[in-house]
1. Give me the pairs: first residue in region 254-275 and at pLDDT 95 or above, second residue within 16 Å of ligand 2 (Cβ to nearest atom) and not in a helix (DSSP H, G or I), beta-carbon distance under 6 Å, and six or more apart or on different chains, which are they?
2. Working only within region 163-209, note down all residues that are under 16 Å from VAL56 (Cα atoms) and acidic (Asp, Glu).
3. In the list LEU299, LEU289, LEU236, which residue meets the criterion of being part of a helix (DSSP H, G or I) and either modelled with pLDDT of 95 or more or touching a helix residue (DSSP H, G or I) at 6+ places or on another chain (Cβ under 7 Å) (or both)?
4. Of everything in region 166-175, what is more than 12 Å from ligand 2 (Cβ to nearest atom) and touching an Asp or Glu at 6+ places or on another chain (Cβ under 9 Å)? Give them in sequence order.
5. Could you tell me which residue of region 180-196 is farthest from the chain's Cα centre (by Cα), considering only residues that are touching a residue at least 40 places away in the same chain (Cβ under 8 Å) and more than 20 Å from THR76 (Cα to Cα)?
6. Going by the structure shown, is GLN154 modelled with pLDDT of 95 or more, more than 16 Å from ligand 1 (Cβ to nearest atom) and not basic (Lys, Arg)?
7. If you check every pair at least six apart or on different chains, which have Cβ atoms under 8 Å apart with a residue in region 57-86 that is on the phi > 0 side of the Ramachandran plot first and a residue that is part of a strand (DSSP E or B) and within 15 Å of ligand 2 (Cβ to nearest atom) second?
Amino acid sequence: MPRPLVPTDPSLRSNVILSLPGMDNATRVPDSAVSTFLTLFMRTVTFTIANQKGGVGKTTTAVNLAAALAEKKIPTLLIDLDPQANATSALGVEKKEGLSLYGPLRGEGKAGDMVVSTAYANLELIPSEEDLAAAEIEIAQSDNYLNKLRTVLQPLKDAGKHRVIIIDCPPSMGMLSMNSLAAADFLLIALQCEYLALEGLGQIMRNVERIREAGVNRSLELGGVVMTMFDIRTNLARQVVEEVRKHLPEKPFDTVIPRTVRLSEAPSFGKTIFAYDPLSPGATAYRNLAKEVIARFKLKESA
Ligand SMILES: Nc1ncnc2c1ncn2[C@@H]1O[C@H](COP(=O)(O)OP(=O)(O)O)[C@@H](O)[C@H]1O
Ligand SMILES: [Mg+2]
């Protein structure tokens with residue numbers, strides 16, 4: 001679990017606040033100001049949503065979880081690391097040549113210069129472009145090939161502008177996804193509620209081990225499993241959920257994302273589910289997931 005830099009204990013917390021210049025016992029600090037202060041001074045938590053399988057709900061989860069956290073006033077940066085740029089278009093951002101992590105990954109420019117604002121408050125994006133596909137090959141040919149993304153993102157993390165960074169990965173365990181594991185604090189797995197869903201878990205956990213053992217990111221942890229595309233009408237979906245809960249009791253989030261057509265329609269309008277259909281079951285599910293994420297990773301004082 002990430003450790004906040006500022007104490008969470010209320011009495012210690014007020015000592016920290018009172019130690020600020022211009023504050024004394026007579027100065028009333030509203031709780032909201034305390035929360036804002038604490039959020040600002042807590043470190044950035046980086047999540048990667050990686051999985052070698054395509055079509056399991058990674059991008060849908062990356063986009064809508066990021067949007068839900070932003071809706072809860074958590075400064076969030078979504079990084080689109082998939083050359084297909086689905087997350088970029090799902091946020092209604094146009095792809096632009098030279099605007100992605102491709103340049104920074106090959107030593108040209110800074111990640112910070114690639115950050116763009118979105119239509120949503122508290123949500124920024126580093127878009128993707130097709131050229132990023134070349135990074136898969138170029139990174140593999142370079143020194144320190146597992147550390148590229150981590151190094152490129154470090155100044156952004158140090159700047160502390162974002163409380164959360166979410167990385168959306170391509171549907172393969174290539175160099176970009178492996179680099180995202182090296183750069184992240186936590187892996188979130190999107191797991192489609194379907195036959196053989198558990199088989200993929202073994203492979204991704206072996207990659208987590210590889211990253212830890214290579215010494216590039218010893219603190220990488222499986223942060224959670226998001227079960228997606230749950231079809232209430234099938235027994236199979238229920239069985240998958242039960243299986244996952246049995247094998248990884250602490251990891252699955254209680255919130256299960258339902259299969260709903262609204263979630264699949266939203267990206268074609270360049271909208272998150274909250275902008276497209278804010279009262280739909282998909283929107284409610286991603287809001288609930290965000291609440292769990294906030295509580296599990298202590299992203300806010302008042303989770
Ligand atoms: N909960 C859901 N209900 C219905 N369709 C979904 C859901 N989640 C994702 N989809 C759709 O399934 C397809 C694959 O999802 P996506 O998030 O792009 O997966 P990935 O990024 O893992 O390839 C997309 O067309 C997406 O709109
Ligand atoms: Mg995707």
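The values are calculated or read from the model by the stated rules, or taken from the named source; none is laboratory data. As the structure is a computational prediction, the values presented were derived from the model and not from experiment. We place every Cβ from the backbone using ideal geometry, glycine too, and count neighbours over all the protein chains shown.
1. ILE257/THR228; ARG259/MET229
2. ASP168, GLU194, GLU199 - these are the residues of region 163-209 that are under 16 Å from VAL56 (Cα atoms) and acidic (Asp, Glu).
3. Answer to the check: LEU289.
4. Within region 166-175, the first condition is being more than 12 Å from ligand 2 (Cβ to nearest atom), and the residues that meet it are 166, 173-175.
Selection gives GLY174, MET175.
5. Looking only at region 180-196, we keep the residues that are touching a residue at least 40 places away in the same chain (Cβ under 8 Å), and these are 180-181, 183-195.
Right, trim to more than 20 Å from THR76 (Cα to Cα) and you get 191-195.
On the way: LEU191: 15, GLN192: 17, CYS193: 20, GLU194: 23, TYR195: 26 Å.
Once the filter is applied, the top-ranked residue is TYR195.
6. Details: modelled with pLDDT of 95 or more: yes; more than 16 Å from ligand 1 (Cβ to nearest atom): yes; not basic (Lys, Arg): yes.
When the stated conditions are applied, GLN154 passes them.
7. GLY57/ALA190; GLY57/GLN192; GLY57/VAL226; GLY57/THR228; GLY57/MET229; GLY57/ILE257
Residues are listed down the side, and each one gets a yes or a no for (1) surrounded by fewer than 24 Cβ atoms within 10 Å (Cβ to Cβ); (2) within 12 Å of ligand 1 (Cβ to nearest atom):
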{"position": "ILE166", "(1), (2)": "no, no"}
{"position": "CYS169", "(1), (2)": "no, yes"}
{"position": "ILE189", "(1), (2)": "no, yes"}
{"position": "CYS193", "(1), (2)": "no, yes"}
{"position": "ARG206", "(1), (2)": "yes, no"}
